[in-house]
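Written out below as structure tokens is the structure these notes cover.
The values are calculated or read from the model by the stated rules, or taken from the named source; none is laboratory data. Note that the structure is predicted; figures quoted are calculated from it, not measured. Cβ coordinates were reconstructed from backbone atoms using ideal geometry, including for glycine residues, and neighbour counts include every protein chain displayed. These area figures cover heavy atoms from the full protein model, side chains too; ligands, DNA and RNA do not enter into them. Shrake-Rupley method; radii C 1.70, N 1.55, O 1.52, S 1.80 Å.
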Amino acid sequence: MVFGNSLFYPILGFASFVVFVYMSFGGIRFSFLEEGPELSFVERNGTQFVLDGKAFYVNGWNSYWLMVQSVDVYSRSKVREMMKTGAKMGLTVCRTWAFNDGDYNALQTSPGHFDEQAFQALDYVIAEARQRGIRVLLSLVNNLQAYGGKSQYVKWAWQEGVGLSSSNDSFFFDPSIRTYFKNYIKTVLTRKNSITGIEYRNDPTIFGWELINEPRCMSDPSGDTLQGWIDEMSSFVKLIDKKHLLTVGLEGFYGPNDPKSSTVNPELWASRLGSDFIRNSKISNIDFASVHIYPDHWFHEQVFEDQLKFVSKWMLSHIEDGDKVLKKPVLFSEFGLSEQNQNFSVSDREKMHRAVLDIIYKSAKRNRSGAGSLVWQFLVSGMKEFSDEYGMVPWESSSTPSVFVEQSCRLANAKGWTQLDVSFKEHC
């Protein structure tokens, strides 16, 4: 050889390394494009979600951490494992954060400025979900401070000298902050996935958009401020993306002028948060209602059996609203039981899970508006820093997965098989 062995072998070794890296990481885009399954958009017909012309009832979960665990390539295996686990349980939708504002590994580092590595992490989450036939419900901002939230937007406006108020609730009424958030929405919805080559707004892997996680505007308990914000932002989303479903992200509390505020709300405080389940969910651009279920946090002194009774009352009330008032699907997008409760047991947690899932199954059987549920939250092993008092690693308990596999089986038998991975059928 011209180069001699002393040069040839190092060059050959380096070339082999480059090929390995490309095949391992650079070739990801090619494999996803070639092998990704064909998916249809989830749509809405009256009070039901519809997929390929058939009613679609959701059995899914929350893993808020997927994007932040995908920023570094070495931790992406956790995301892959979580999606694989969800698919093996027959789960169909995962809710996760599509935001990280000004925090570590932030997606949005400052208003209108984005970190490409973090965006590629979100690309990866969506592409991995697509590979498993799982759809993702993407939340766009947090009412809470975790991962930036509305307080980070207020801080940015204050630092730039354009903020009207230092109150976190100015997120909802400050024109400059509204502009910040609209720019964020537009950037995310029009993002072209670096792996699949599909713009987010054209990707059926995305189940839908959630405007904000658990919005509250306590400075205006009348609800007018939050109502105006939802109206404006939902219209803006639909100007850009008419293909995907849209929800608010509500906890489900009834407003001060609703008779159910005194008969169904957990306590009086729940009607003074500036949110209003019926009024907010009625907005024409909102496609489905969202509700959370946390009786152990909402009641200070209530025994477990009374919490179960509340779960039933709470869910049936909102399903009735979906059927008769809103005429839209109702998704119970968070529910769980805290392991920090006095006398907590895994058995009680599973009873609570079964109570929720049973009501959804009965709703599906009767073609009602109770359109599905997403448990909070699933993780994989070795993620204590991302866990909370509700976190579960499915396979660390032999009984926990069976609760959700059984629901997948029941819904599939009642409404048809929509899962790409049907290996869970052997447990049906």
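Tallying residues that are free of Cβ contacts under 8 Å to residues at least 24 places away in the same chain and farther than 15 Å from residue 189 by Cα within region 232-270 yields 9. Filtering 324, 328, 365 for residues that are within 21 Å of the chain's Cα centre (by Cα), on the phi < 0 side of the Ramachandran plot and among the charged types (D, E, K, R) leaves a single hit, 328.
Per-residue answers, yes or no, for (1) over 21 Å from the mean Cα position of the chain (by Cα); (2) open to solvent by 60 Å² or more (accessible area, probe 1.4 Å); (3) within 18 Å of residue 169 (Cα to Cα):
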{"position": "254", "(1), (2), (3)": "yes, no, no"}
{"position": "257", "(1), (2), (3)": "yes, yes, no"}
{"position": "262", "(1), (2), (3)": "yes, yes, no"}
{"position": "270", "(1), (2), (3)": "yes, no, yes"}
{"position": "276", "(1), (2), (3)": "no, no, yes"}
{"position": "281", "(1), (2), (3)": "no, no, no"}
{"position": "285", "(1), (2), (3)": "no, no, no"}
{"position": "290", "(1), (2), (3)": "no, no, no"}
{"position": "293", "(1), (2), (3)": "no, no, no"}
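The one condition from (1) open to solvent by 30 Å² or more (accessible area, probe 1.4 Å); (2) within 24 Å of residue 282 (Cβ to Cβ) that residue 361 does not meet is (2). Could you check, for region 154-161, whether at least one of its residues is in a loop (DSSP other than H, G, I, E, B), open to solvent by less than 10 Å² (accessible area, probe 1.4 Å) and more than 30 Å from residue 403 (Cα to Cα)? No, every residue in region 154-161 fails to be in a loop (DSSP other than H, G, I, E, B), open to solvent by less than 10 Å² (accessible area, probe 1.4 Å) and more than 30 Å from residue 403 (Cα to Cα).
Under 8 Å by Cβ, and 6 or more places apart or on different chains, what pairs join a residue from region 408-427 that is farther than 18 Å from residue 356 by Cα with one that is open to solvent by 50 Å² or more (accessible area, probe 1.4 Å) and among the polar types (S, T, N, Q)? Listed pairs, sorted by first residue: 427/402. Whether a residue is buried (at least 18 other Cβ atoms within 10 Å of the Cβ) and either part of a helix (DSSP H, G or I) or not aliphatic (A, V, I, L, M) (or both) was assessed, and residue 122 passes this test. Consider region 311-359 and keep the residues that are of a type in the set (A, V, I, L, M) and in contact with a Leu (Cβ under 8 Å, 6 or more places away or on another chain). The one that is farthest from residue 289 (Cα to Cα) is 352. Here residue 305 qualifies as without any contact (Cβ under 8 Å) to a residue 40 or more places away in the chain, out of contact with any Ser or Thr (no Cβ under 6 Å at 6 or more places or on another chain), farther than 22 Å from residue 220 by Cα and not polar (S, T, N, Q).
Screening region 256-299 for helices (runs of 4 or more DSSP H) wholly inside it with 2 or more residues that are under 20 Å from residue 143 (Cα atoms) returns the ranges 277-281, 295-298. Scan region 40-96 for residues that are more than 14 Å from residue 329 (Cβ to Cβ), among the aliphatic types (A, V, I, L, M) and either modelled with pLDDT of 95 or more or crowded, with 17+ Cβ neighbours inside 10 Å (or both) and the total you get is 10.
Selection of region 258-288 for residues being of a type in the set (Phe, Trp, Tyr) and touching a Ser or Thr at 6+ places or on another chain (Cβ under 7 Å) yields only 288.
When residue 99 is tested against (1) open to solvent by 10 Å² or more (accessible area, probe 1.4 Å); (2) under 30 Å from residue 83 (Cα atoms); (3) part of a loop (DSSP other than H, G, I, E, B), exactly one condition is not met: (1).
Going through (1) open to solvent by 10 Å² or more (accessible area, probe 1.4 Å); (2) farther than 30 Å from residue 78 by Cα one by one, residue 345 falls short only on (2). Taken over region 368-408, residues that are part of a loop (DSSP other than H, G, I, E, B), of a type in the set (Ser, Thr, Tyr) and under 21 Å from the mean Cα position of the chain (by Cα) amount to 4. The test for being of a type outside the set (S, T, N, Q) and in a loop (DSSP other than H, G, I, E, B) does not hold for residue 228.
From the residues in region 409-425 that are open to solvent by 50 Å² or more (accessible area, probe 1.4 Å) and outside any helix (DSSP H, G or I), which one is nearest to residue 128 (Cα to Cα)? The qualifying residue nearest to residue 128 (Cα to Cα) is 420. The set of residues in region 193-214 being open to solvent by 10 Å² or more (accessible area, probe 1.4 Å), farther than 24 Å from residue 280 by Cβ and of a type in the set (D, E, K, R) consists of 199 alone.
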